[in-house]
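Peer 1: One structure is given below, represented as structure tokens, and several questions about it will come after.
The values are calculated or read from the model by the stated rules, or taken from the named source; none is laboratory data. Quantities reported herein were computed from a predicted structural model and do not represent experimental measurements. Positions of Cβ are generated from backbone atoms using ideal geometry, with glycine treated the same way; all protein chains shown enter the neighbour counts. Just the protein is used for accessible areas: all its heavy atoms, side chains included, with ligands, DNA and RNA removed. Shrake-Rupley method; radii C 1.70, N 1.55, O 1.52, S 1.80 Å.
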Amino acid sequence: AQTVTQSQPEMSVQEAETVTLSCTYDTSESDYYLFWYKQPPSRQMILVIRQEAYKQQNATENRFSVNFQKAAKSFSLKISDSQLGDAAMYFCAYRSPLSGTGNQFYFGTGTSLTVIP
Amino acid sequence: DVKVTQSSRYLVKRTGEKVFLECVQDMDHENMFWYRQDPGLGLRLIYFSYDVKMKEKGDIPEGYSVSREKKERFSLILESASTNQTSMYLCASTPPRGSLHFGNGTRLTVT
């Protein structure tokens, strides 16, 4: 099974500053999908950004961007101009391209982000 | 808009009770998942289903079963609830190669 590692259990950032959350994964597959999910205290898990492994260009969504390093199996999330509403637990996830019984997501253990006013 | 609905936000049950957690999605997604979320452990997959009446064990299926009689509904069953099943339970659905859409979660306490 694939493994996803988030080595930073907790991070903090000053409001308006930039923070980077780390994620590494282990896989032998060449085609796959990577995601960052955000879970605020209200606990609804929300998709932040996704990256297809076959795309070399890093995905961006407004203030959120990723640094996808396929050879290094690294997928970090950068949050620019941090806002108080960014405070949440962030989960990195890997999705196999397989269908049927191989159709699974693998999650890291999460990084709790605090935004300091 | 995409919607995954879990029937209860909070649930308190007694040890030994049979517990049903219901999840309904309105997006015609083939794939549905049940996760358990505990502090420091992230999300652990209990069961998933890739089609009606099809189910696959995840990482921690012991003590749980599932039912998917209709495409839109995926139920998680705790046959005989135990205190170590006190947790947050998250349901999610996804189309092929898509991202997960999560419900609001059910906080289950077993006393």
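Peer 1: Quick one: Debye curve from the alpha-carbon atoms of region B:4-110 only, equal weights, vacuum; give me log10 I(q)/I(0) at q = 0.14, 0.20, 0.24 Å⁻¹ to two decimals.
Peer 2: -0.48, -0.99, -1.41
Peer 1: Continuing with the same structure: To the nearest 0.05, how large is the calculated FRET efficiency for residue A:69 and residue B:97 if R₀ is 35 Å and r is the Cβ-Cβ distance?
Peer 2: The value I calculate is 0.95.
Peer 1: In region A:64-117, what is the volume of the convex hull around the alpha carbon atoms, normalised per residue and reported in Å³?
Peer 2: 105
Peer 1: Which of the aspartates and glutamates could a cross-linker bridge to residue A:73, judged by Cα under 14 Å and excluding same-chain residues fewer than eight apart?
Peer 2: Filter leaves A:26, A:29, A:31, A:52.
Peer 1: How big, in percent, is the set of alpha carbon pairs in the protein assembly as shown lying more than 23 Å apart?
Peer 2: Here the tail beyond 23 Å accounts for 48 percent of pairs.
Peer 1: So if R0 is 30 Å, what FRET efficiency would residue A:56 and residue A:81 give, r being the distance between their Cβ atoms, rounded to the nearest 0.05?
Peer 2: The calculated FRET efficiency here is 0.70.
Peer 1: Rounded to the nearest 0.05, what FRET efficiency is calculated for residue B:5 and residue B:41 with R0 set to 30 Å and r the Cβ-Cβ distance?
Peer 2: The computed FRET efficiency comes out at 0.75.
Peer 1: Still on this model: For the interface of B with A, what's the total buried accessible surface in square angstrom, probe 1.4 angstrom, rounded to the nearest hundred?
Peer 2: Details: alone 6280 and 6560 Å², together 10750 Å².
Chains B and A together bury approximately 2100 Å².
Peer 1: What order do you get for A:4-16, B:70-82, B:92-104 when each peptide is scored by the mean count of other beta carbon atoms within 10 Å, highest first?
Peer 2: Highest to lowest by the protection proxy: B:92-104, B:70-82, A:4-16.
Peer 1: Quick query: amide H of residue A:112 versus all other amide H atoms, modeled in the peptide plane; which residues come in under 5 Å with a sequence gap of 5 or more or a different chain?
Peer 2: A:10, A:11, A:90
Peer 1: Grab every C-alpha pair in region B:1-61, bin the distances at 10 angstrom width from 0 up to the longest one, and report whole percents.
Peer 2: All Cα pairs considered, the percentages come to 17, 45, 34, 4.
Peer 1: Quick check: at a probe of 1.4 Å, how many percent of the accessible area of region B:4-110 sits on carbon and sulfur atoms?
Peer 2: 48
Peer 1: Something else now. Under the Kirkwood approximation applied to all pairs of distinct alpha-carbon atoms, what is the hydrodynamic radius of region B:34-80 in Å?
Peer 2: Across region B:34-80, the inverse of the average 1/r is 11.1 Å.
Peer 1: Over the Cα atoms of region B:58-106, what is the Rg over Rh ratio if Rh follows Kirkwood?
Peer 2: With Rg and the Kirkwood Rh in hand, the quotient comes to 0.99.
Peer 1: A follow-up question, please. Which whole-percent values make up P(r) of chain A when all C-alpha to C-alpha distances are grouped in 5 Å steps starting at zero?
Peer 2: Per 5 Å bin, starting at 0, the Cα pair percentages come out as 2, 12, 23, 24, 19, 11, 6, 2, 1, 0.
Peer 1: Could you tell me the number of lysine pairs in region B:4-110 with C-alpha atoms less than 15 Å from each other, where the two lysines are 8 or more residues apart or belong to different chains?
Peer 2: Numbers: B:53/B:70; B:53/B:71; B:55/B:70; B:55/B:71.
Taking the Cα cut-off of 15 Å, the pair count is 4.
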